[in-house]
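The values are calculated or read from the model by the stated rules, or taken from the named source; none is laboratory data. It should be emphasised that the depicted structure is a prediction, and the values quoted were computed from it without experimental measurement. Every residue, glycine as well, gets a Cβ built from its backbone with ideal geometry; the counts of neighbours run over all protein chains shown.
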Amino acid sequence: MQAQKEKIIKSPRELNQLKENLQLQFQGKKVISICAGTGCKAYASDEIFSIMESELSGMQKADPEKVKNIVLKKTGCHGFCENGPIITLHPEGTCYIKSRVDDAKEILQKTVDGSIVTRLLYVDENGTPVEKEEDIPFYKYQKRVILENNSKIDPSSIEDYIRLGGYRALAKVLTGMTPEGVIEEIKKSNLRGRGGGGFPAGSKWETTKNASSNPKYVIVNADEGDPGAFMDRSILEGNPHSVLEGLIIAAYAIGSNQGFVYVRQEYPVAVSNLSEAIKQAEEYGFLGQNILNSGFEFNVKIHRGAGAFVSGESSALMSAIEGYVGEPRLKYTHTAVSGLWGKPTNLNNVETYANVPYIINNGADWFLGIGTKGSSGTKIFSLVGKVKNTGLVEVPMGITLRDIIYKIGGGVRGGKNIKVQTGGPSGGILPEQLLDLPVDFDELYKGGSMMGSGGMIVMDETDCMVNIAGYFIKFLADESCGKCVPCREGLRQMTFIYDRITSGEGTVEDLSLLEDLSVLLEGASLCALGGTAHNIVKTTLKYFREEYEAHIYYKTCPAMVCSRLTYYTISEDKCSGCRLCVKSCPVNAISGELKKPHIIDQELCIKCGMCIDVCPEKFNAVVKGTGKTEKTRQFETV
Amino acid sequence: MQNVKKQFISVGRSLKEKQIKLTNPRKAIISSILESKNIFTPEEIFIKSVKLYPDIGIATVYRTIKLLEEIKLLDRGYRDDGKPVYKLAPSSQKLKEELNFKEELKSLENRKARKRQKKTAGILPVDINSEGNDDRYFEVKNENLKKEIKLEELVSDISNIDRVILKHENSKGNLIQMLIDFQQQYNWLPKHVLFYVGKKLDVPLTQIYSIASFYTFFNLEPKGKYQVVVCAGTACHVRGSMSLLQRITSILKIKPGGTTPDYRFSLDTVNCLGCCALGPVMMFDGKYYSNPPARQLEKLFESSN
């Protein structure tokens, strides 16, 4: 208990002293930071870490002097998931990609010796290895503010965060700024909600602050349910203290003493890192009573969500924290005035809070200097799909989609007919001709899509837009809580329509029916889940109507995705009769003897595509075609 | 044959004793039941009874079957996909002769014939051994019962439940948090836990059930020892998660959301596992696998006991 009390920091001066002490201790250290994000973990980054750890302890016994400056760190997501596991050396900035378990010892040995492992470096288009992280195109065109520290911080260590200037903003706010001053600064910076809505955070804080009743609450929305998005997860897993600091500042500005973090139970690492961070912040006196001797009291509780997409909606999330089913409520009064238990409640996204300490430290003008006039600052996207470099990217607002995909993402695998889906299930799909659209809350909205929380899924000519739209509608129909009729029934009917179209039974009336339904959903739904479902339908109908028409009129799927409109055949001339496909077929639909052409029984075929995968490249005998009847099979392509 | 028939109870008498009217639709349904194979679904009965009595509706069939189940003439079991199936309940009461409604119904159009038939109504043309003796559906039901907890275990379990409740400060607001903990401990939400929590926190059971059935994380039925989770997020979807799912379903022979009969594997899909770079991705026993081929899956499942 005594030891804990000693840790408590009572003034900005003490904080600064601690920071300097930590920096001094850290001087001359060489850090090997190994990414332990989910993507890299799947590539056994944990094992690499433990091998290095045991190796290092062995070296310490043999020659302590030689390795005294080597520090191993397991950090949060570095972002470059495509080439995981990522290992970065600090302070040099050397970045190793695709390291395997066998490379662990070599990396450690070479780092101790002061040399580098050239074969693990990133190789650019011209074939030259790139040593420094900042020179890799993936990182070069990003502007990493929030993610910057992800590779330098061990998320389970508050000392790392303090050493890099953490909780300085909190000290500044508590000792030198009034709550009004904080709100003014945030308003001036034009920080807009990163959860997707883009509502100015400062105004929201002000409304909550000015609401008459007490107590007030602040909530972090970390119920990141968008498929294909993992920004919030990476921040919470990699740098939980930055979110906590932002939350405490917001609480001070608003006048709240109780905060909640609503985080998905599916993110166990985020939950444990955050709990650890809260414990440490309490030990250091950044949470609890009389924070930094200012008299301000604040506590945080974690609330785990149990897997419901709709619970990310503000009023639904508050219902869930109250212990009820997470269904949205009617919002006659805004949750900022009457939210959790009917009290004024401020709810922001993880990324919004993570931005706050930077704005306080660097000033609103610095923040305004990044991005566009309407949308300042940076935005984190999870760049996934058919793009070459998938991963987590942080870019200044106003960058074009083309730049993100080509400069950072390194282009698209297929390369033809590129489409981008932004905004998760609430957003839309943008065609290739709109790729020069700047990424900005208002511009994307004009294009028919939206910023959303930051999922960016790149697709190419092998993706059927009708199928994707149907996928999203089905997703929303599954996730609809069923409280309001337009959403519950409207989405259900839409899934039926998409089912019809993708199985070649759609009619031209179905298209106008889809349009009608999306207008209805937009106007009559209780919350944004149904209210934004029209985006996907409208944008696909607007930009890719010919794909719908191909499904309806010609009963073909141009991208050859919709399984009920595709078929596989074996070309008699090419087939050598190797029986590879016969063995691999899960439903035994392929028959044929050795050295004789095989035949696929179309009745039995489930169109899994195994045969086309196993057919050796030199034969390429399996042909995929599209069309429903013999008549339409003339449209077939390979 | 005669023995089997004798095992049946007199439907007519039972109904009379319970003061239940034997209307024509009911007669049609009962004779369809008696005519059908060993195990049947309400839908099958409906199809048969429509032929006997065209005005009948499916709702009537459901109601009548429920009624017959209530008066213990039918047993209910569950098929693998969760649909209820029925069979005639074995009973010691004697079979009565008045049960051949089929003939009676046939002659509805002809009143004279009908009267004649009534007098000469014979023994029911029932052959319960006609098709497949499929008792396994009813075994599954028993399997489920086995999973229900015993009294001694229940007592020792209660202190554990209390601990979790205490951890969450006995507060109604933390109900979801408690349920998450229970789900993680038991792998499902057993009935007794929900009852106990409801009583302890003074929360109506309906509210607990509404929460438990709303969130995808909670299961009201026991789950398998190993969880197979397939990511169905957009990034994985465009990279072919559907064919991965198809591979798994064809190996494990269960649909998403299902559990193998031996409670070894459960298959589920999630919206995003958060490692889109690896897609299509599958999580098995806490480990991630990037687009595993069928062979690897088979090996993986075989080696997990």
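Odds and ends about this structure:
- Residues in the range B:268-286 that are more than 8 Å from chain A (Cβ to nearest Cβ) and surrounded by fewer than 24 Cβ atoms within 10 Å (Cβ to Cβ): 6 in all.
- Applying the criterion of being buried (at least 20 other Cβ atoms within 10 Å of the Cβ) and among the β-branched types (Val, Ile, Thr) to the residues of the range B:187-203, the residue that is farthest from the other protein chains (Cβ to nearest Cβ) is B:Val193.
- On inspection, A:Gly76 does not qualify as free of Cβ contacts under 8 Å to residues at least 40 places away in the same chain and either of a type outside the set (A, V, I, L, M, F, W, C) or surrounded by 12 or more Cβ atoms within 10 Å (Cβ to Cβ) (or both).
- Each residue in the range A:481-518 was checked for being touching a residue at least 40 places away in the same chain (Cβ under 8 Å) and surrounded by fewer than 15 Cβ atoms within 10 Å (Cβ to Cβ), and 2 pass.
- For the range A:464-497, the tally of residues that are within 14 Å of chain B (Cβ to nearest Cβ) and either under 23 Å from A:Lys419 (Cβ atoms) or assigned to a helix (DSSP H, G or I) (or both) stands at 17.
- Residue match in the range A:551-572 (condition: farther than 22 Å from A:Ile497 by Cβ, buried (at least 16 other Cβ atoms within 10 Å of the Cβ) and within 14 Å of chain B (Cβ to nearest Cβ)): yes
- Counting the residues of the range A:316-335 that are more than 30 Å from A:Lys279 (Cβ to Cβ) and either within 11 Å of chain B (Cβ to nearest Cβ) or surrounded by fewer than 24 Cβ atoms within 10 Å (Cβ to Cβ) (or both) gives 8.
- In this entry, A:Ala62 passes the filter for residues that are exposed (fewer than 13 other Cβ atoms within 10 Å of the Cβ) and among the aliphatic types (A, V, I, L, M).
- Total residues in the range A:115-135 satisfying the condition of being of a type in the set (Val, Ile, Thr) and out of contact with any Leu (no Cβ under 9 Å at 6 or more places or on another chain): the figure is 4.
- When residues of the range B:218-245 are limited to those that are buried (at least 22 other Cβ atoms within 10 Å of the Cβ) and not in a helix (DSSP H, G or I), the one nearest to the other protein chains (Cβ to nearest Cβ): B:Gly233
- Scanning the range A:241-284 for residues that are within 20 Å of A:Cys35 (Cβ to Cβ), surrounded by 24 or more Cβ atoms within 10 Å (Cβ to Cβ) and out of contact with any strand residue (DSSP E or B) (no Cβ under 9 Å at 6 or more places or on another chain) yields A:His241, A:Ser242, A:Ala277.
- Helices (runs of 4 or more DSSP H) within the range A:219-325 that include 1 or more residues under 30 Å from A:Pro12 (Cβ atoms): A:231-238, A:240-254, A:268-283
- Residues of the range A:317-352 classified as under 14 Å from A:Asp223 (Cα atoms) and of a type in the set (A, V, I, L, M), total: 6
- Against the test of being free of Cβ contacts under 8 Å to residues at least 40 places away in the same chain, in contact with a helix residue (DSSP H, G or I) (Cβ under 9 Å, 6 or more places away or on another chain), in the same structural domain as A:Gly363 (by TED's automatic domain parsing) and not β-branched (Val, Ile, Thr), the options A:Pro200, A:Pro268, A:Pro240, A:Pro227 yield a single qualifying residue, A:Pro200.
- So A:Met456, is it within 13 Å of another protein chain (Cβ to nearest Cβ), outside any loop (DSSP other than H, G, I, E, B) and touching a residue at least 40 places away in the same chain (Cβ under 8 Å): yes
- Complete set of residues in the range B:146-186 that are within 14 Å of chain A (Cβ to nearest Cβ), over 23 Å from A:Trp341 (Cα atoms) and within 30 Å of the chain's Cα centre (by Cα): B:Asp181, B:Phe182, B:Gln183, B:Gln184, B:Gln185
- Single unsatisfied condition, A:Ser338 versus (1) more than 14 Å from every other protein chain (Cβ to nearest Cβ); (2) among the hydroxyl-bearing types (Ser, Thr, Tyr); (3) within 21 Å of the chain's Cα centre (by Cα): (3)
- Residues in the range A:424-439 that are crowded, with 24+ Cβ neighbours inside 10 Å and either among the charged types (D, E, K, R) or within 11 Å of another protein chain (Cβ to nearest Cβ) (or both): 4 in all.
- Segments classed as strands (runs of 3 or more DSSP E), wholly inside the range A:337-407, with at least 2 members that are closer than 21 Å to A:Ile249 by Cβ: A:345-349, A:378-385
- Condition check for A:Phe199 on (1) under 17 Å from A:Cys77 (Cβ atoms); (2) in contact with a strand residue (DSSP E or B) (Cβ under 7 Å, 6 or more places away or on another chain); (3) surrounded by fewer than 19 Cβ atoms within 10 Å (Cβ to Cβ): one failure, at (1).
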